[in-house]
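Single-structure report; data block below.
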Amino acid sequence: MAPSLMSRCMGSCLPRVGRHTEPGSDWMLPAHSKLTRGKTLAVVVLDGWGEQIPDQYNAIHVANTPTMDSLKKGAPEHWRSIRAHGPAVGLPTEEDMGNSEVGHNALGAGRIFEQGAKLVDSALATGKLFYGAGFQYIQECFTNGTLHLIGLLSDGGVHSRYDQLQALMKGCTSRGAKKIRLHILTDGRDVLDGTSFTFVEQLEKDLEELRQQGVDASLASGGGRMHVTMDRYENDWNVVKRGWDAQVLGEAPHKFKSGIEALMQLKADNPKFNDQYCPPFVIVDKNGKSAGPIVDGDAVVTFNFRADRMIMLAKALEYANFDKFDRVRVPKIHYAGMLQYDGELKLPSKYLVSPPEIDRTSGEYFAKNRLRTFACSETVKFGHVTFFWNGNRSGLFDSKLETYVEIQSDQGITFNEKPGMKALQIGERARDAILSGKYDQVRVNLPNGDMVGHTGDIKATVVGCEAADKAVKMILDAVKETGGIYLVTADHGNAEDMVKRNPKTGQPLLDKNGKIQILTSHTCAPVPIAIGGPGLAPGVRFRTDLPHGGLANVAATMMNLLGFQAPSDYEPSLIEVVS
Ligand SMILES: O=C(O)[C@H](O)COP(=O)(O)O
Ligand SMILES: [Mn+2]
Ligand SMILES: [Mn+2]
């Protein structure tokens, strides 16, 4: 140990826990030279809570949020905003809005990793995607079988991108695929509601082009992403079953001759129709025979790069012992994911592009340094503060040190129906964990801004934000009572902007009927970060020399607040200690 460091640590500092040398070679984090251990750190992630123009379309501004307001107004040296979109979280461009996967990855891992969207872009650009073991595996079925492509039809860039699907279709047909069937999930969540028509039209054109080249290419089934297939964290297996029935068995309550006919008819039948909740349908020929059930000898690719909402289908497609619903018929197929979605479960076992290797996350460091962690959210966000936070890794690092609590989310509703969601229960569980004194870190995700924001219902989103604010208060009160420290931040924007705006004037854009266009998606807005609590050492403040700080700077900040230095290759901490 350097003499200067030793003298600083004599007396008041706790013993130095260890030393980090080469990345990965030593898990022990050195003690911080000025900040001591022993305080509970509460980490609150407000999902979908950005900083934006304070007008009537900013649900957070409209909402009564005294706790979050006081953090912002209270102490300028303890509040700032940080980047949560684009390259700051490993996405291809500044136009890419943030999302929970990349946001929580960056928060937990403390470094910026090239994310799925970018990795697929380069694997397609270099052609590497078509030379790997995953592609060879599906290619084996091209001569005698059908290639099924299942995924989100959108250019949201959160779970998938249409240009990648186009490149995949082209690449597959030029490498021998003779018969292709598309199983689409309509979006309206990462892109404007109603755009499914445009995407389906484009897809029909692209399929027609393939047919001109002699490929038997057509749409086989469809459904809205939130109602069909794309559930997550096992909240509701019925969603995946609906997809299975349409995609694999070729059965659905609605049958149409084309995708456009399907959308037009379903919309005409139901004035409340929206892209996210489109019912499942199959495409049939004139005899009513479905265009593309999945059968023995076929190849299947799930073309979403993002993990959370594909894992359940991946399990249904890959696991021999699967008991979540009756699959009725389990075809012998060659299945590959666009990426491997779960590194711990190695699921799916075959994939086209290697996922980012997110290693040495803060969670793993904490476990190795014997810190005790409590993490909690409700089902729809549970994996965010655990799986995503830990670098897309399921499970605990150390069951003796970590407690992960999942509160069951409401099922089968859109969250504007119950916008408070489980925020108060999450707040209570976190409060109890803090008061118990058993944990060094208590981490939660409060989902309201995001989950209600995605419904496009402004009034309900306001109510949701108020509930989240109450939960923050509960947690901050417990921090106060126990002399702890808090760090409150968010993973990306959503509720702070509920309308599509003219980029030049900032005014809401109108649709062809003169109605304001509602924005259901995330945004590119920065997010707030606030620190405080009685345990925060005097002199701790946000540095002013990191104006472009982003989510990846938070992990080192947490380590400092817990009394440790961060690993040298982590993005720098946002705080400094002045005397
Ligand atoms: O999956 C979703 O719900 C949206 O596409 C993205 O939202 P999230 O990134 O906040 O989960
Ligand atoms: Mn999120
Ligand atoms: Mn979201």
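The values are calculated or read from the model by the stated rules, or taken from the named source; none is laboratory data. Bear in mind that the values here come from a model prediction, so they are computed numbers and not experimental data. Cβ: placed from backbone, ideal geometry, glycine included. Neighbour counts: every protein chain shown. What goes into the accessible areas is simple: the full protein's heavy atoms, side chains included, and nothing from ligands, DNA or RNA. Shrake-Rupley method; radii C 1.70, N 1.55, O 1.52, S 1.80 Å.
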*asked:* Using 5 Å bins from zero, what percent of all Cα-Cα pairs in segment 119-211 falls into each bin?
replied: 3, 13, 23, 24, 20, 12, 5, 1
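Expressed in nm to one decimal, what extension gain is obtained for the pair residue 205 and residue 321 from 0.36 nm per residue of sequence separation less their Cα-Cα distance?
Extending this stretch completely gives an extra 37.8 nm.
How big is D, in µm² s⁻¹, for the chain by Stokes-Einstein at 4 °C and 1.567 mPa s if Rh is the Kirkwood radius over C-alpha pairs? Let's see the in-between values first.
Numbers: Rh = 24.6 Å.
The Stokes-Einstein estimate is 53 µm²/s.
Once fully extended, how much extra length lies between residue 216 and residue 272, figured as 0.36 nm per residue of separation less the alpha-carbon to alpha-carbon distance?
Gain on stretching residue 216 to residue 272: 16.7 nm.
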*For segment 498-566, with equal point scatterers placed on the C-alpha atoms only and solvent neglected, what are the log10 I(q)/I(0) values from the Debye formula at q = 0.20, 0.21, 0.24, 0.26 1/Å, to two decimals?*
-0.88, -0.94, -1.13, -1.25
_Sequence-distant lysines (8 or more away, or on other chains) whose Cα lies within less than 22 Å of residue 332_ = 178, 179, 241, 289, 315, 324, 346, 350
_Residue-averaged [θ]222 nm for the chain, counting only DSSP H segments that reach four residues, each worth -39500 (n - 2.57)_ = -8500 deg cm²/dmol
*State which entries of 368/473; 72/470; 39/480 exceed 21 angstrom in Cα-Cα distance in the structure shown.*
368/473
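With charges only on Cβ, +1 for K and R and -1 for D and E, what is the dipole size of segment 117-353 about its Cα centre, in debye, rounded to 20? Intermediate results must be reported in sequence, preceding the final value.
Values: 30 positive and 30 negative charges, 76 e Å.
My answer is approximately 360 debye.
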*asked:* Straight-line reach only, C-alpha to C-alpha below 20 angstrom: list the aspartates and glutamates that residue 73 could link to, leaving out same-chain residues fewer than 8 apart.
replied: 51, 55, 466, 469, 477, 496
_P(r) weight above 24 Å for segment 464-579, C-alpha pairs, percent_ = 45
*Got a number for the accessible area of residue 497? Probe 1.4 Å, square angstrom, nearest 10.*
10
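Hey, what's segment 117-353 come to in accessible area per residue, 1.4 Å probe, Å²? Don't skip to the answer; put the middle values down first.
On the way: 9170 Å² over 237 residues.
On a per-residue basis, segment 117-353 sits at 39 Å².
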*According to the Cα gyration tensor, what semi-axes, each the square root of 5 times an eigenvalue, does the equivalent ellipsoid of segment 117-353 have, listed from largest to smallest in whole Å?*
24, 20, 18
*Please list 381, 118 in order of solvent-accessible area, largest first, computed with a 1.4 Å probe with all protein chains present.*
118, 381
*How big is the Kirkwood radius of segment 112-162, worked out from every pair of different alpha carbons and given in Å to one decimal?*
12.7
*asked:* As an exercise, use a Förster radius of 22 Å and the Cβ-Cβ distance of residue 480 and residue 577 to find the FRET efficiency, rounded to the nearest 0.05.
replied: 0.55
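Per residue, how much accessible area does segment 21-72 have with a 1.4 Å probe, in Å²? Don't jump to the answer; show the numbers that get you there.
Working: 2200 Å² over 52 residues.
That works out to 42 Å² for each residue.
Share of segment 117-353's accessible area from carbon and sulfur, percent, 1.4 Å? Write down the numbers at each step before the final one.
Values: 4520 of 9170 Å².
Its accessible area is 49 percent carbon and sulfur atoms.
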*asked:* How tilted is helix 162-173 with respect to the longest principal axis of the chain? Cα atoms for both, answer in degrees (0 to 90, nearest 10).
replied: 50
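Relative to the present Cα-Cα distance, how much length would full extension add between residue 569 and residue 510 at 0.36 nm per residue of separation? Walk me through the intermediate numbers first.
Details: separation 59, 0.36 × 59 = 21.24 nm, distance 4.67 nm.
The residue 569-residue 510 span can extend by a further 16.6 nm.
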_Partner lysines for residue 515 [C-alpha distance under 25 Å; skip if fewer than 8 residues away on the same chain]_ = 267, 272, 459, 500, 504
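Probe radius 1.4 Å, ligands and nucleic acids ignored: give me the carbon and sulfur share of the accessible area of segment 430-542 as a rounded percent.
Working: 2170 of 4070 Å².
Summing carbon and sulfur atoms, their accessible area is 53 percent of the total for segment 430-542.
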*Can you put 160, 174, 122 in order of accessible area, largest first, using a 1.4 Å probe?*
174, 122, 160
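Please report the antiparallel percentage of DSSP beta bridges with both residues in the chain, rounded to the nearest 5. Mind dumping the intermediate values first?
Numbers: 20 of 71 bridges.
DSSP beta bridges in the chain are roughly 30 percent antiparallel.
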*To the nearest 10 degrees, how steeply does helix 423-436 sit against the main Cα axis of the chain, on a 0 to 90 scale?*
40
